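The values are calculated or read from the model by the stated rules, or taken from the named source; none is laboratory data. Everything numeric in this text was worked out from a predicted model, so none of it was measured. Heads up, the Cβs are rebuilt from the backbone with ideal geometry, glycines too, and the neighbour counts pull from every protein chain shown.
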Amino acid sequence: MKTVMLTGASGFIGRHCIPLLIKRGYEVHALTSGNNPLREPGITWHTIDLLNPDQVHHAMKTICPSHILHLAWYTAPGKYWSARENIHWLQAGLTMVQEFSESGGQRMVSAGTCAEYDWRYGYCSEEITPLKPQSLYGISKHSLHGILQETLSSADISNAWGRIFFLYGPHENKTRLVPSITCALLQSKPAPCTSGHQIRDYLFVEDVADAFVRLLESQVTGPINIASRKPVSIREIIEMIGIKTGHEDLIRYGELPTPSSDAPFIVGDNRRLLQEVGWHQENDLSTGLDKTISWWEQSLKRNLRS
């Protein structure tokens, strides 16, 4: 049986990967620093601090994974772009790579970011778009990718790097775009936002998780964009939420400033993901928003009852 070590297992993407990994026959060892959100056969939970090298070493020796799906990172909204924690997580990633290369592992897939690209180009392709991260977050991720490739390749371990673009769905941090607008409108409150003219590439979190699991299963190597290749304006997303919740009149465009550094257009080329990995998108934007709004509606009701 294939044994996978899943980091960030209780996080936004990780929790959606767990049932997919179990379905594909993995023995899942889920690493978390907090609570265990899922309890079902096929999962062994490990509560560890990935920033502690001794704990990482112990986990690697205990689990002896054949595969690693590394999703854990510091992602506090509004802080992670420039936080010094990025450096700590870069070091944690280096420790994990070194331990895995010495443990006889077979394949490692890690989460990168579209922030590694030079956003002045707008359309981001793994093969032609220059890499020029402008944030400590992007620089740290890109640095880990470079060292990971060199270390694992020299150890003859297959590895791939999934560059995430923009995502949404159940369990997202409540302060992010889609949940903040959704929760405000579901509670019949005004929803302040920017003008919404920025163009982005959004993908439902279940499709993101599926892309990572399929990538782990494949033998594809190198950087792979986890993206939809479908440009959509922030305003269009907000309007759809407004219509679906019946509170389009409560949207307040332009009440929040658009940062001067905000790139006008960011979309990912996903042809490697489609053609080489064999992934396909299950949820279009409308379907994904329906599922997300329904989940937040139930979540708000549970909070009221408690």
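In region 51-73, what residues are surrounded by fewer than 16 Cβ atoms within 10 Å (Cβ to Cβ) and under 23 Å from the mean Cα position of the chain (by Cα)?
Correct list: Asn52 only.
Can you spot a residue in region 86-101 that is surrounded by fewer than 21 Cβ atoms within 10 Å (Cβ to Cβ), of a type in the set (Asp, Glu), closer than 17 Å to Ser10 by Cβ and touching a residue at least 12 places away in the same chain (Cβ under 8 Å)?
The answer is no; no qualifying residue exists.
State whether one or more residues within region 258-271 are outside the structural domain of Val178 (by TED's automatic domain parsing), in a helix (DSSP H, G or I) and either surrounded by fewer than 19 Cβ atoms within 10 Å (Cβ to Cβ) or not small (Gly, Ala, Ser) (or both).
Taking every residue of region 258-271 in turn, at least one turns out to be outside the structural domain of Val178 (by TED's automatic domain parsing), in a helix (DSSP H, G or I) and either surrounded by fewer than 19 Cβ atoms within 10 Å (Cβ to Cβ) or not small (Gly, Ala, Ser) (or both).
Out of region 149-203, which residues are closer than 30 Å to Val97 by Cα, hydrophobic (A, V, I, L, M, F, W, C) and in contact with a His (Cβ under 9 Å, 6 or more places away or on another chain)?
Trp161
Evaluate region 158-166: report whether one residue or more is surrounded by fewer than 21 Cβ atoms within 10 Å (Cβ to Cβ), at pLDDT 95 or above, under 30 Å from Asn36 (Cα atoms) and touching a Lys or Arg at 6+ places or on another chain (Cβ under 9 Å).
Yes.
Can you tell me which residue in region 80-106 is nearest to the chain's Cα centre (by Cα), limited to those that are at pLDDT below 95 and assigned to a loop (DSSP other than H, G, I, E, B)?
Step by step, filter region 80-106, then rank; the result is Gly105.
Scan (1) assigned to a helix (DSSP H, G or I); (2) more than 17 Å from Phe166 (Cα to Cα); (3) touching a residue at least 40 places away in the same chain (Cβ under 8 Å) for the single condition Val220 breaks and write down its number.
Exception for Val220: condition (1).
Would you mention how many residues in region 218-263 are polar (S, T, N, Q) and within 30 Å of Leu148 (Cβ to Cβ)?
Number of matching residues: 6.
Any chance you could count how many residues in region 275-306 are of a type in the set (A, V, I, L, M, F, W, C) and loosely packed, with under 15 Cβ neighbours inside 10 Å?
The total comes to 2.
Would you confirm whether or not region 123-135 contains a residue that is of a type outside the set (Asp, Glu) and part of a helix (DSSP H, G or I)?
no
Give the residues of region 189-228 that are of a type in the set (Gly, Ala, Ser) and either closer than 22 Å to Thr129 by Cα or assigned by TED's automatic domain parsing to the domain that holds Leu131 (or both), sorted by residue number.
Ala209, Ala211, Ser218, Gly222, Ala227, Ser228
Sort through Pro77, Pro65 and tell me the only one that's over 25 Å from Asp201 (Cβ atoms) and either of a type in the set (S, T, N, Q) or in a loop (DSSP other than H, G, I, E, B) (or both).
Residue meeting the stated conditions: Pro65.
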